[in-house]
1. Beyond a 25 Å Cα-Cα separation, which of these cross-linked pairs lie in this structure: A:Lys23/B:Lys192; A:Lys23/A:Lys79; A:Lys170/B:Lys169?
2. Note the distances from B:Arg104 to each other copy's matching label point, with points 7 Å along the Cα-to-beta-carbon direction, in nm, sorted shortest first.
3. Averaging sequence separations of C-alpha pairs under 8 Å and six or more residues apart, then dividing by the length of chain B, give the relative contact order as a whole percent.
4. Anything in chain A that counts as a DSSP H helix reaching 27 Å or more along its axis (C-alpha) with Kyte-Doolittle mean of at least -1.0? List them, would you?
5. From the square roots a ≥ b ≥ c of the eigenvalues of the alpha-carbon gyration tensor of the stretch A:76-195, which class results: rounded (a/c under 1.5), prolate (a/b over b/c), or oblate?
6. Please check: in the Gaussian network model of chain B (C-alpha springs, under 10 Å), which one of B:Gly41, B:Gly116, B:Gly197 has the largest mean-square fluctuation.
7. How large, in percent, is the carbon and sulfur part of the accessible surface of chain A at a probe radius of 1.4 Å?
8. Between the stretch B:42-65 and the stretch A:45-72, what is the separation of their alpha carbon centroids in Å?
Number of protein chains: 2
Amino acid sequence: MSYPASLSLMFPSSDMDKITIEKNLFCLPWTQTILGTHFEGKVNFMALAWLTRVNYSPPMLGICVNKQHASHAAIVSTKEFSVNVPTVDMVEITDYAGLVSGRRVDKSKLFEVFYGELKSAPMIRECPVTIECRLTETVSLPTNSFFISEIVAVYTEETFLTDGKPDVKKINPILLTMPDNRFWSVGYCVGKAWSAGSGLRERKKEHGQEE
Amino acid sequence: MSYPASLSLMFPSSDMDKITIEKNLFCLPWTQTILGTHFEGKVNFMALAWLTRVNYSPPMLGICVNKQHASHAAIVSTKEFSVNVPTVDMVEITDYAGLVSGRRVDKSKLFEVFYGELKSAPMIRECPVTIECRLTETVSLPTNSFFISEIVAVYTEETFLTDGKPDVKKINPILLTMPDNRFWSVGYCVGKAWSAGSGLRERKKEHGQEE
């Protein structure tokens, strides 16, 4: 399969402002979370920003952990973990959780811990949203493992809800960009999803560009 | 492996504000991107928000696509795709790309397209950052596939760089929260990663809590 020649002709290289940069140098904001595990029988936490939903129904979450981390060994062993969403007020302690290894430092007392259905998924009481996960599949990659999990339960508090749903402005989560290594807040609402494009769709229909 | 009984005793249920909510109801902000593919020989685009880095070295990116989407069939067929990062100015057209299916509507003219190394990874010139990806592994899940890819190249423009790195405030990307379905900007810088916790670390060392 090849692209139409007309496309490349439309944008001759002399007209291009695009440059390539080193492949790790793209600063997409990821939501900063804290991974909770049981490492060698003890509660452990780690800063975690590489994660995503991976399935709609049933709800599943995937997380990416470096193979050298204590948390990696913990998940391989217990097949359970928690994903905790801290607020911007928790930047210092969240960053600390990522600075020191559970192999050297006892991080079990960093936060107040509670449990849901799982025995080895310690959740952080101070976090407005916490997610209990049960490992279903592990994808081994060169330096990291991608752990795919079923979401067992999601915990929050009434105070973080608007119309029965968690409100991101009440949760006030932290975003991370790398490799400039900066934490960010969420800004202002810039539109409604599955709605902001409706006007454009109507205009295209009027012009016969959509049946 | 079980957790210490003392932990559950520390937080009797009467003292807990935590409630459980429906498992899809957690509104983590995801970066809103636009997936570029070749579907049946034609350029196609789709709104994509479920993605994450999955490996540090080599740089790899994983994306989650519903099995019913044209973009899913496209990636299975060509084993190539692009991930394009729109700015908040592009909310309407980004949302439109997610409202209509490439099976019914020709989305090939929505954006100006350019190509890098790959033949079937059309990139969007209007997007400040675009990423070319080559599929390396597919994980089949109940309703979605998780496509794991090697990052082939990253494209941006000088105007979006600060100190040689893409600057998230210049890129001004869109975040998505679900199921409240709102788009957001990135807010203000709330700290430096791998640094904000250094003071806490020093204080803990002084108190002998870290060797």
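The values are calculated or read from the model by the stated rules, or taken from the named source; none is laboratory data. Note that the structure is a prediction, hence the values are computed from the model and not measured. Here the Cβ positions follow ideal geometry from the backbone for every residue, glycine too, while neighbour counts run over all protein chains shown. Quick note on the areas: whole protein, heavy atoms, side chains included, nothing else; ligands and nucleic acids left out. Shrake-Rupley method; radii C 1.70, N 1.55, O 1.52, S 1.80 Å.
1. Details: A:Lys23/B:Lys192 22 Å; A:Lys23/A:Lys79 32 Å; A:Lys170/B:Lys169 23 Å.
Those over the limit are A:Lys23/A:Lys79.
2. Reported distances to equivalent positions: 5.8 nm.
3. On the way: 364 pairs, mean separation 45.8, N = 211.
Rounded, it is 22 percent for chain B.
4. Numbers: long enough: none.
Helices passing the filter in chain A: none found.
5. Values: a/c = 1.41, a/b = 1.30, b/c = 1.09.
Verdict is rounded for the stretch A:76-195.
6. B:Gly197
7. Working: 4100 of 8280 Å².
Summing carbon and sulfur atoms, their accessible area is 50 percent of the total for chain A.
8. 15 Å
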